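Here's the structure we're looking at; comments come further down.
The values are calculated or read from the model by the stated rules, or taken from the named source; none is laboratory data. Every value quoted in this text rests on a predicted model; they were computed, and no experiment measured them. Note that each Cβ is placed from the backbone with ideal geometry, even for glycine, and that neighbours are counted across all protein chains shown.
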Amino acid sequence: MSQATPTVSGKVFGLFCLASYLLSLSYGSTFLLSLLIGSRGGNEHDAGSVISAAMLSTFCAVLVSGHLSDLFGAARSIALFGLLLVAASLGFAMTREFGHLLLFFGLLLGLGWGVFYTLGPIIVASLVTPTQRAKYFALLSGSMMTGIGSAPLLARAASAAGMPLTSAFYLAALASLVGVLLFWQLGAQLKDSHTTSAARITWQATAQVLGSRALFPIIMVGLGGCIFGGLSSFQTSYAAARSLDYSLFFLGFMSAAISSRMLIAGFVVKRDPLLASCLLSGVMLGSIVLFAFGVHSGFSYLLAAVMLGVGYGLTYSVINGLAANEAPPGATSQALLLFSLSYFIGVFGFPLLAGKIIVEHGLPTLLLALLAVASANWLITLGRLLWRRLQFQTAPALETVRRSSGTNPPPGLTKEK
């Protein structure tokens, strides 16, 4: 078989992407929690608490996903834990006031999403040849991002049709249930119960990874997750404060992130990764500046969302590759697992702090906090570029010193006579 030939049929992979899209709607519906909880007497801090509850359960899901894959197969593990996404969406819709019950449904969401997010790429890696992985990872990522962004857009459409906000959560639950059934069926077709296995993290491997250059992209994805989670989770509040339509944000962000990942990510990841990550994180920083100081109309709002989609979407692809390539030998899988965990800390953990900032200090303060996070993210890439340039400049000088001091033997003495 040719290396360029995928080992899975287009029909099967199409069903896989469709199932991924449907499950992703449940996570996308969490961006409506601020609006939903606000209508029931809560505030942004309450919404952030529910979202951040998912962080704890996501950790557990990621750590046990390898064992689940061995027991049930990757696809059927996703199907089983996808039922928790269905339950979470139904719970959000049916719970009438903020309390411990909503936190419980946040935990269910984290378990379901963590297993899916971890095992989905593992399935793809087992289905296609190494030379095809970048393309098929982009298709998976595009399917998931489409589902995440579609949930708020469906809610806006439901609102325009006079339907209650809860209808979006019910629709997400129904879509996720269909996705569960598709993944269960795919489990039989892929016969992956003994062929796919997730990495298991150890303290020794963690120390090795965090002591290597892979630490930098792992930190960066966490910071990027803070930006994405902070902006997306409270975008309904941001838009309401400026009399804008929040669907513009999700439409612009989703379109830009998907199109950039699927159309130009393959080109970008082949460039100098440090330079690319510096430029793209600069674009993301520019979008936060625009959100904080420059959004005064629908057009500027859409432009800021597009900039965020391009910067965030492509930066993620670049630093994902850096995390793998800069990991110590034999610890690539562990580095990617830590990469995912760092992302979850940012995307699920930061909304708790963001909600507290909004309630106690207002949206402008949150935007300044996000500006600081985006600046730190960009400064990491800038610092790495400057350090590399300094190393290149000092290397010839050190070689000259060694030669002039006689530490290197004359060239003629090293040759055979």
Please go through region 119-146 and give me each residue that is at pLDDT below 85 and not aliphatic (A, V, I, L, M), ordered by number.
121, 126, 129, 130, 131, 132, 133, 135, 136, 137, 141, 142
Return the pair list, or none, for Cβ contacts closer than 9 Å from residues in region 260-282 that are in the same structural domain as residue 304 (by TED's automatic domain parsing) to residues that are among the β-branched types (Val, Ile, Thr) and outside any helix (DSSP H, G or I), at least 6 apart or on different chains.
276/269
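Take residues that are crowded, with 24+ Cβ neighbours inside 10 Å and modelled with pLDDT under 95 and tell me which of the helices (runs of 4 or more DSSP H) falling wholly in region 212-288 contain 3 or more. Please lay out each step first, then the result.
Numbers: elements: 215-233, 235-241, 246-263, 265-268.
Qualifying helices (runs of 4 or more DSSP H): 215-233, 246-263.
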Given the conditions (1) in contact (Cβ under 8 Å) with a residue 40 or more places away in the chain; (2) more than 23 Å from residue 65 (Cα to Cα); (3) not basic (Lys, Arg), and given that residue 300 satisfies all but one, which numbered condition is not satisfied?
(1)
Pairs needed: first member in region 8-19, in contact (Cβ under 8 Å) with a residue 24 or more places away in the chain and under 17 Å from residue 145 (Cβ atoms); second member anywhere, part of a helix (DSSP H, G or I) and of a type in the set (S, T, N, Q); C-beta distance under 6 Å; at least 6 residues apart or different chains.
17/143
Among the residues of region 95-114, is there at least one that is β-branched (Val, Ile, Thr), closer than 21 Å to residue 233 by Cα and outside any helix (DSSP H, G or I)?
yes
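Among the residues of region 91-133, write down those that are of a type in the set (Gly, Ala, Ser) and more than 16 Å from the chain's Cα centre (by Cα).
Of everything in region 91-133, those that are of a type in the set (Gly, Ala, Ser) and more than 16 Å from the chain's Cα centre (by Cα) turn out to be 91, 93, 99, 106, 125, 126.
Any residue in region 314-331 that is among the aliphatic types (A, V, I, L, M), at pLDDT 90 or above and closer than 21 Å to residue 375 by Cβ? Can you show your working first?
So the first thing to find is which residues in region 314-331 are among the aliphatic types (A, V, I, L, M), and the list is 314, 318-319, 322-324, 327, 331.
Within this subset, residues satisfying the condition of being at pLDDT 90 or above are none.
No, because not a single residue in region 314-331 is among the aliphatic types (A, V, I, L, M), at pLDDT 90 or above and closer than 21 Å to residue 375 by Cβ.
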List pairs: first residue in region 213-224 and assigned by TED's automatic domain parsing to the domain that holds residue 343, second residue among the small types (Gly, Ala, Ser) and assigned to a loop (DSSP other than H, G, I, E, B) anywhere in the structure, Cβ distance under 7 angstrom, at least six positions apart or on different chains.
214/327
